[in-house]
There are 4 protein chains.
Amino acid sequence: MVNLCSDNATGVAPEIIRAIEAANAGTAMPYGNDDLTGQVEAKLSEVFETEVTAFPVGTGTAANVLCLSVMTPPFGVIYCHEGAHIHVDECGGAEFYTGGVKLCPLPGSRGKIAPDTLRAAITGVGEPHHAQPATVSLTQATEAGTLYTPDEVAAIAEVARTNRLNLHMDGARFANAVAALGCSPADVTWRAGVDALSFGATKNGGMSAEAVVFFKRELAETFAYRRMKGGHLFSKMRFLSAQLQAYLQDDLWLRNARHANAMAARLVEGLRALPGADLVNPVEANELFVRLPEAVIAGLLDRGFRFYRWGGPTSTEVRLVTAFNTDPADIERFLQAAHALAASHGKTGAALAR
Amino acid sequence: MVNLCSDNATGVAPEIIRAIEAANAGTAMPYGNDDLTGQVEAKLSEVFETEVTAFPVGTGTAANVLCLSVMTPPFGVIYCHEGAHIHVDECGGAEFYTGGVKLCPLPGSRGKIAPDTLRAAITGVGEPHHAQPATVSLTQATEAGTLYTPDEVAAIAEVARTNRLNLHMDGARFANAVAALGCSPADVTWRAGVDALSFGATKNGGMSAEAVVFFKRELAETFAYRRMKGGHLFSKMRFLSAQLQAYLQDDLWLRNARHANAMAARLVEGLRALPGADLVNPVEANELFVRLPEAVIAGLLDRGFRFYRWGGPTSTEVRLVTAFNTDPADIERFLQAAHALAASHGKTGAALAR
Amino acid sequence: MVNLCSDNATGVAPEIIRAIEAANAGTAMPYGNDDLTGQVEAKLSEVFETEVTAFPVGTGTAANVLCLSVMTPPFGVIYCHEGAHIHVDECGGAEFYTGGVKLCPLPGSRGKIAPDTLRAAITGVGEPHHAQPATVSLTQATEAGTLYTPDEVAAIAEVARTNRLNLHMDGARFANAVAALGCSPADVTWRAGVDALSFGATKNGGMSAEAVVFFKRELAETFAYRRMKGGHLFSKMRFLSAQLQAYLQDDLWLRNARHANAMAARLVEGLRALPGADLVNPVEANELFVRLPEAVIAGLLDRGFRFYRWGGPTSTEVRLVTAFNTDPADIERFLQAAHALAASHGKTGAALAR
Amino acid sequence: MVNLCSDNATGVAPEIIRAIEAANAGTAMPYGNDDLTGQVEAKLSEVFETEVTAFPVGTGTAANVLCLSVMTPPFGVIYCHEGAHIHVDECGGAEFYTGGVKLCPLPGSRGKIAPDTLRAAITGVGEPHHAQPATVSLTQATEAGTLYTPDEVAAIAEVARTNRLNLHMDGARFANAVAALGCSPADVTWRAGVDALSFGATKNGGMSAEAVVFFKRELAETFAYRRMKGGHLFSKMRFLSAQLQAYLQDDLWLRNARHANAMAARLVEGLRALPGADLVNPVEANELFVRLPEAVIAGLLDRGFRFYRWGGPTSTEVRLVTAFNTDPADIERFLQAAHALAASHGKTGAALAR
């Protein structure tokens, strides 16, 4: 079965499974007071070329909502793209963890917020009737499979800084972004003005590990208490830290991401040649959004290929997500099936059209 | 190094590590829509001899606070023992997840709430100035290493039912309790009147897996939304479910617990003979609270044995916790060292006394 | 000074001040256990021709957010117009009181939600990632100075009922709406499907009194606790109840509203004849939104007339709000000044245009 | 009817009613942007002999919980006496407004916290499992009718400062305290180390007005937003401010309080001579707690005197509260009735005893 539903439908990278096994030797002090956990922060500081304060957590939503909770007072506003995971897929977690902030969803082509759109949305400062502008959250790679360049991040950061907003980056697919941009992780985060990052590992070969990485380190002061209060402090923390260590070791995170991105690029190439296929967004990381003829979609689903229609059960836009371990042969199988269906449908369609 | 600090200082049981590895084959639908997760609920229903609704989560605190949040309105009171984990060790998680309930800590010898104490604390019903009695939470095994018998649970449940309170059980060490009581899991839970259970696995050989088990199933209706909102829905859920499956398979949970309990019993036996040792509570599961001569404590710590002084850095009460994989040789080593220290101290003391 | 900024810039109606004085005689049991408070619910039941459960509170925001908090679980969605007070003017109060719901702001011409817009926005039911559709809130009269007819309310209610949503009405200017519609209060509330109403008095002659009125009475069960927890239970409640009693007595609420509406109608009539004036919305109650020539706006403000530019400091749209005690002579003064300014400006403009 | 149930069973002082009427002239900008509101802060600064930042609110609970919410992070602990209003009479308002703090109720004779008791309760600093010590709240006058002297406040403040805790004072009966202590308001607040005060007016002649007074003014920065978010910003604010202005004018607050205190002193004097009467606490302000023979209690209640049994429906301890307008003749009537009942009961008792 070829499953392109999501990169979280995959298992765990072998390097990471082995690291979990290795971490199982002996006893270790709980709640992060083990050796491995201490090393994660150091390793992240090395990767980001600056001293960071970092905390492992178990889910991407936990990373996002805890991070936002230290950046945003209860009466604050968090600006994000209208398609952002924190807005549409976390069941109001940010609102809960902050004590009732408002999320302000912004439109923007290709899943990205434009600086002018953000600037125009910042209103009501100092007026008690209005929730107060506090935080911007960018998603990198975006929910549309596109990327913010370092310059684009910096342009948003400039608006944030001018308006005294904190800048968060939801990096559930941060590895795919860095791998595709070919820049240093620092360039697209703190050097561009990002204050804190939800650094994802789960979708890219981890089992259940993300790190909240603070570049503006004073934001981290109360994080440990909020993580505990939210039920997100793991007693056997070493098993989260082991995942993160292996993920960062020898650039596994980037190697995994490059593979996923390459598989997506191969899909794009194959679908470009497909009659009736129409890419919705440029494919810059490991997600494709593409309109396909209904007969092709239905035929692929019939043949056991798994992916989501995007926007509802009758939509002819589909999302295809590749992962660190996507088998190139599966991609070829998918493309061959799609082409065969399109060809067959083309004939029928032509016949019908006569 | 012999580490008796806590049962969460241990690693993961080999059966469970193997189950994690096995779960890693192929793709699986995320967020609990995988086969393994479906089986966990069925298996728990079998273990508890009744249809239950169950949800895997990653930490014991998550299990407790999410469970309490569906049982208790924001203006409610949760009654618990003054030493309960939900009161003293979860940084106000229950207060957060419920929107600001009050916990009412009750005194009680040996870590247990007496029915009369509970009954007397239920006041202010129907009076808007007072937070409203809503929920009772028992810990089984207790934080004092003791157990509620089925009859004791039923007596508390009777007070709860009479006063229309929900009854929660924090079973972080539920396996140790059931193994020691020798009763069926049903007898000490729903048959005795428990509505929902935080069913622990992590401390007893799991990596990061607990299940919230609802016997009063209508309480579970909103759980899935609250779990997501709290950031506790794991995308690669199968790896939590695999832990729980292996934990329940062939009574691993009870076998592990019996071992831990047996190690504790051996410790008790060995310490009974130690001059100056004084057990604080009867040892009914896998935790010992014992007063020891300062010289013995200091000597053990010097020799690399690890455990906690209980009640502060100068306390001469210590907590010793055994686990599923505690090596009997380590227990013997600990006892020999303790006896040697006591003997040496005894002589010195005697010498000084002359 | 003629102040048309808001109906809350006015003082208190003489009948209500007298009622406050009258209530001051003797002692009375606090927290609503006085005679007057008991009578308010009965009087509201009479006005609404059905048994209601009602609670006095001190502000409109308190009425709204407390009411929404009993209708909406923490993981819920509240649908409202994008201009609704609960969305743009209450600093996230609804999000706070509910434990973090999402407000879903809907577009709609003339300040009103169309049933189809609502229907299309109801998505994600049963999907834990998404906040769950729970409540609809209508504003009557709307923030645009328009009205929902009973049929329009019923059409929204039909969508709500079909989707098992509660229906709230923010009636900060409910009196103005009922006075203008000429219908019975019941027709535009419970008979049309409204479950609970924030019944405003403050803007229409009260000092600081609103009533939360439950038609679906089971929703009221926990209200008293939530009101206290929010700090909204007044010890000397009789002074709030006295306001509400006087407000309802001999139809004072409708008489006051009719006067305000008539003053608004006179303004409309006078401004229709003004060159360059352009009504933004039909004026159906006591609020006008009108575009005026900048010279007229600036001139009026210079001459001491007070009102708000709507949409920012350079907007040439203004809001004019009349009240229960607006002096007809003030309206004439305003219109004369506006016409004089327009005439003078017209000449200048014409001169310049040549 | 003589009502000694509470000082909030009274009406409003004539000076304050007149101020409300006077405030009703003309229009005024809403939400505190009126002249009167500006003057309240200045007047409070004068009264307290230092620049304060102050906010009117409508209830004592609102004052307390909003004030505590800017002093205490969600993961904080608030220390208070076990009988404190914030702990037992506000339905968990502090827990709600802070996002789930823990209140730590402390025992203490005569309604007061001893510095050593506080010091001993401050534990777990820096340990994420434990809610973090954040705030101390004193009640002045206490719930037991006693007072903290300036030295006693300073001793608590010293513990607070040493441990970096904020110090709040619940001054629902602050006027009674200052009147009885005979000190300056500054001496018992900021000069003694208090950071913020809930300055009560309602119980002492107001209708529905309290002020939150910040001495540590940086604590006030976010107050305006939190007040709005809580629904506690009054549109016609001038009517709250008018109450506070009149209350502070010509020392009305102190004159009112002196009367109430004198009436309490007269009660004490009269009850001292009553056989079987036993004062529970020294009476230092306007509340008496006294044990009386059951026959006296029952007889007084039968004769229409109103007051509360303290501690339950069969308690023979009663609370008697005097107020700004307690009629001395009512006190005499109460005492005469009590003495008559005691005498009659004494004879019967004696007769029976023979």
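The values are calculated or read from the model by the stated rules, or taken from the named source; none is laboratory data. The structure displayed is predicted, hence computed values, not measured ones. In this analysis, Cβ positions are derived from the backbone assuming ideal geometry, glycine residues included, and neighbour counts consider all displayed protein chains. Accessible surface areas use protein heavy atoms only, side chains included; no ligands, DNA or RNA. Shrake-Rupley method; radii C 1.70, N 1.55, O 1.52, S 1.80 Å.
Some points to look at:
- Inter-copy separations for residue C:158, label at 7 Å along Cα-Cβ, nm, ascending: 5.3, 5.7, 7.5
- Expressed as a whole percent, the proportion of Cα-Cα pairs in region A:253-344 lying more than 16 Å apart is 50%.
- Between helix C:35-47 and chain C: long-axis angle, C-alpha atoms, 0 to 90°, nearest 10: 70 degrees
- For the protein assembly as shown, alpha-carbon Rg relative to the globular expectation (2.2 N^0.38 Å, N residues): 0.99
- Per-residue Karplus couplings for region B:293-309, computed as 6.51 cos²θ - 1.76 cosθ + 1.60 with θ equal to phi - 60°, are listed in order as x, 3, 4, 5, 4, 4, x, 5, 4, 4, 7, x, 5, 10, 6, 9, 5 Hz, Gly and Pro entered as x.
- When the pairs B:216/B:236; B:102/C:236; A:229/D:229; A:216/B:203; B:216/C:43 are compared against a 32 Å limit on Cα-Cα distance, A:216/B:203; B:216/C:43 fall above it.
- Principal axis box of region C:14-250, alpha-carbon based, largest edge first, Å: 57, 38, 29
- Note on region B:253-344: with charges restricted to the Cβ of Lys and Arg (+1) and Asp and Glu (-1), its dipole about the Cα centre is near 140 debye.
- Largest first, the three principal axis extents of the alpha carbons in region D:149-195 are 31, 19, 13 Å in whole numbers.
- Note on residue B:35 and residue B:268: the model spin-label points, each 7 Å out from Cα along the C-beta direction, lie 4.4 nm apart.
- Take each residue in B:17-30, count the other chain C-beta atoms within 10 Å of its C-beta, and the mean is 5.
- For residue C:134, the residues whose modelled amide H falls within less than 5 Å of its own, excluding neighbours fewer than 5 places apart on the same chain, are C:77, C:79.
- Sorted on the mean count of surrounding Cβ atoms within 10 Å across their residues, most packed first, peptides C:151-157, B:122-128 read C:151-157, B:122-128.
- Mean accessible surface per residue for the protein assembly as shown, computed with a 1.4 Å probe while every protein chain stays in place, in Å²: 34 Å²
- Per residue of chain B, the DSSP helices (runs of n ≥ 4 H) give a summed -39500 (n - 2.57) that works out to -12500 deg cm²/dmol at 222 nm.
- Of the trypsin sites (Lys or Arg not before Pro) in region D:256-330, those whose Cβ has at most 13 other Cβ within 10 Å and which sit in DSSP loop: none
- Estimated buried accessible area (total), pair D and A, 1.4 Å, Å² to nearest 100: 1600 Å²
- Computed from backbone phi, the HN-Hα couplings of region A:86-98 come to 4, 8, 10, 10, 10, 6, x, x, 5, 4, 5, 5, 9 Hz, rounded to whole numbers (Karplus: 6.51 cos²θ - 1.76 cosθ + 1.60, θ = phi - 60°; Gly and Pro given as x).
- Label geometry 7 Å along the beta-carbon vector: residue A:272 inter-copy distances in nm: 6.4, 8.1, 10.1
- Debye intensity ratio I(q)/I(0), log10, region B:79-164, q values 0.13 Å⁻¹ (C-alpha model): -0.41
- Accessible-area value, residue D:253, 1.4 Å probe, nucleic acids and ligands omitted, Å²: 0 Å²
- Summarising the rotation from chain B to chain A, the nearest chain B beta-carbon to the axis and its distance in Å are given as B:58, 2.
- Computed from Cα positions, the angle between helix D:238-248 and the longest principal axis of chain D comes to roughly 60 degrees.
- Taken about its Cα centre, the protein assembly as shown carries a charge dipole of about 0 debye when Lys and Arg each add +1 at the Cβ and Asp and Glu each add -1 at the Cβ.
- Length-normalised contact order of region C:253-344 in % [C-alpha pairs under 8 Å, at least 6 apart]: 35 percent
- Semi-axes of the equivalent ellipsoid for region D:249-307, Cα gyration tensor, largest first, Å: 26, 14, 8
- Label-point separation, residue A:151 to residue B:344 (7 Å along Cα→Cβ), nm: 7.2 nm
- About the centre of its Cα atoms, region D:1-102 shows a dipole size close to 220 debye [charges on the beta carbon of Lys, Arg (+1) and Asp, Glu (-1) only; nearest 20 debye].
- Computed from Cα positions, the angle between helix B:252-272 and the longest principal axis of chain B comes to roughly 30 degrees.
- Efficiency of FRET between residue C:109 and residue A:127 - r from beta-carbon atoms, R0 30 angstrom, step 0.05: 0.70
- Using the average count of surrounding beta-carbon atoms within 10 Å as a protection proxy, the listed peptides A:223-235, B:21-33 rank, highest first, as A:223-235, B:21-33.
- The mean number of Cβ atoms from other chains found within 10 Å of a Cβ in peptide C:65-78 is 3, as a whole number.
- Calculated P(r) of region A:169-231 - Cα pairs past 20 Å, %: 32 percent
- For the residues of A:37-50, the average number of beta carbons from a partner chain within 10 Å of their own beta carbon is 0.
- Across chain D, the relative contact order, built from alpha-carbon pairs under 8 Å that are at least six residues apart, equals 23 percent.
- Label-point spacing for residue A:327 across the identical copies (point 7 Å from Cα in the Cβ direction), in nm and ascending order: 4.3, 8.7, 9.5.
- Accessible surface of chain D, 1.4 Å probe: 51 percent of it comes from carbon and sulfur atoms.
- GluC sites (Glu not before Pro) within region B:174-269: DSSP coil, no more than 13 neighbouring Cβ in 10 Å: B:221
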